[in-house]
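What follows is a short report on a single structure.
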Amino acid sequence: MFFHGSSKINERGHLEIGGVDTTDLVKEFGTPLYVYDVSLIRERARGFKQTFDQLGIKAQVAYASKAFSTIAMIQLAEEEGLSLDVVSGGELYTAIAAEFPVERIHFHGNNKSREELEMALNYQIGCIVVDNFYELELLDTICAERNQSVSILLRVTPGIEAHTHDYILTGQEDSKFGFDLQNGQAAEALQKAMNSEYLDLLGVHCHIGSQIFETTGFLLAARKIFSKLHEWKETYSFESKVLNLGGGFGIRYTSEDEPIPASQYVKEIIEEVKKQASAFSMSMPEIWIEPGRSLVGDAGTTLYKIGSKKDVPNVRKYIAVDGGMSDNIRPALYEAKYEAILANKPLQPIEETVSIAGKCCESGDMLIWDLPLQKTDSDDILAVFCTGAYGYSMANNYNRIPRPPVVFVENGKAVLVVRRETFEDIVKQDLPFVQRVKS
Ligand SMILES: Cc1ncc(COP(=O)(O)O)c(C=O)c1O
Ligand SMILES: N[C@@H](CCCC[NH3+])C(=O)O
């Protein structure tokens, strides 16, 4: 079993995170419960930033807030000097509610609405990452109506098949995202942006996918982009001030995963960009990256209570917990794998192999298949590791299950940063169809 960050087994023989006993967390906040190890998030953020600083490279490390967007998390990103990537009006609203410095906010998305673009312009955020011709024209029109300029990047698709799950690939030619680099669309977008009175084109952006374990894809993307940038310099006298290479750095969900350290991704990317810049006699652009998962993924642990069991003799033993695909849809969506232990008795000998089921009304609502575990009793606490990215942010109310609360732990203190949803919250938006007359 691999323990992340400050997670360890304490003298009471319980799982402890951030200096707080998880059984105490359960007593205070109930289950299911998302627990975040704040010092691990800080460590990850500093790791990225320090690598750029040590190598003297002008950079922005933007937290891709889609991985886990809450006011507290955005405040933490601000404290750590990160920039912020948002992909919707809701994520932008959260950033504004957290009073995140607007000049460090970058707005992504393949179908931003007029309202969302206007919201970004109202707040005068740092940069809009333009994804397609529709958006390019719409943004230009809105800016002209308001006589307001805005900094933009163009999202390009370099035609790279990174090695990851198909659903989280984004840099390939057949993708809904970005302007194709090879077929002339990116060059057409470049000219349109350069001809606009209101769009200040800072450079290009690309994001090749998520949960990527090798640097090859990033380096290949940098090479392809540079060769285009060189062409664009010769043809259009365009020089990219910024090169944003996105996020996607892989993390260790299970002991089979072997991610490389964040610093290595960054060092290799920098080396390649330097090499390309010098080969084409171009000036070194500012490098931006957008990690999401690698900042928060392994800092999150979900605590569940064990409930019902079902033995299918000679086949499998199902053990159900009080959450499931409503708080972690990743196993159902991507066949994502997780590791888990019993937080209240992790030192007891492993006695059986069980499969952890959620409580939703779906056969596919399975959190972990074939997990070696201690003998369980009802009310034992199951801790599933590495749920910090795309867990809470993709949580839903399927079966009208309230979303769990989020607790930040650090230096022996626990702070509730998202309260548990209630049944009242769940019906809050509902309106009656039939008006009941009170007698
Ligand atoms: C444009 C963009 N930037 C950054 C990210 C963050 O990716 P990850 O969480 O894998 O670092 C994503 C998600 O894949 C993305 O689409
Ligand atoms: N939501 C995905 C990653 C997609 C990232 C967004 N472009 C996951 O849980 O792994």
- Query: Only one residue in Leu220, Leu202, Leu229 is away from ligand 2 (no atom under 16 Å from the Cβ), over 18 Å from Gly159 (Cβ atoms) and surrounded by 16 or more Cβ atoms within 10 Å (Cβ to Cβ). Which one?
  - Reply: Leu202
- Within region 96-115, residues out of contact with any Ser or Thr (no Cβ under 7 Å at 6 or more places or on another chain) and in a helix (DSSP H, G or I) come out as Ile96, Ala97, Val102, Glu103, Arg114, Glu115
- Message: Residues that are of a type in the set (D, E, K, R), at least 2 per element: which strands (runs of 3 or more DSSP E) completely within region 312-407 meet that?
- Response: 316-321
- Query: Hey, among the residues in region 330-365 that are surrounded by fewer than 19 Cβ atoms within 10 Å (Cβ to Cβ) and among the aliphatic types (A, V, I, L, M), which one's farthest from ligand 1 (Cβ to nearest atom)?
  - Reply: Leu347
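Does Pro405 satisfy the criteria of being surrounded by fewer than 14 Cβ atoms within 10 Å (Cβ to Cβ) and in contact with a strand residue (DSSP E or B) (Cβ under 9 Å, 6 or more places away or on another chain)? Step through it out loud before you land on a result.
Values: surrounded by fewer than 14 Cβ atoms within 10 Å (Cβ to Cβ): no; in contact with a strand residue (DSSP E or B) (Cβ under 9 Å, 6 or more places away or on another chain): yes.
The answer is no for Pro405.
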- Task: Given the conditions (1) in contact with a Leu (Cβ under 7 Å, 6 or more places away or on another chain); (2) assigned to a loop (DSSP other than H, G, I, E, B), report the number of the one that Asp257 does not fulfil.
- Result: (1)
- Query: How about region 94-117: which of its residues are surrounded by fewer than 16 Cβ atoms within 10 Å (Cβ to Cβ) and more than 23 Å from Gly246 (Cβ to Cβ)?
  - Reply: Ala97, Glu99, Arg114, Glu115
- Which ones in region 245-270 are in contact (Cβ under 8 Å) with a residue 60 or more places away in the chain and away from ligand 1 (no atom under 16 Å from the Cβ)? Thr254, Ser255, Glu256, Lys267, Ile270
- Looking for whichever is at positive phi and assigned by TED's automatic domain parsing to the domain that holds Ser393 here; the options are Gly81, Gly13, Gly56. Which one fits? Gly13
- Qualifying position, being at pLDDT 95 or above, at positive phi and under 19 Å from the mean Cα position of the chain (by Cα), among Gly250, Gly246: Gly246
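The values are calculated or read from the model by the stated rules, or taken from the named source; none is laboratory data. Note that this is a predicted model, so its numbers are computed, not measured. Virtual Cβ from ideal backbone geometry, glycine too; neighbours counted across all protein chains shown.
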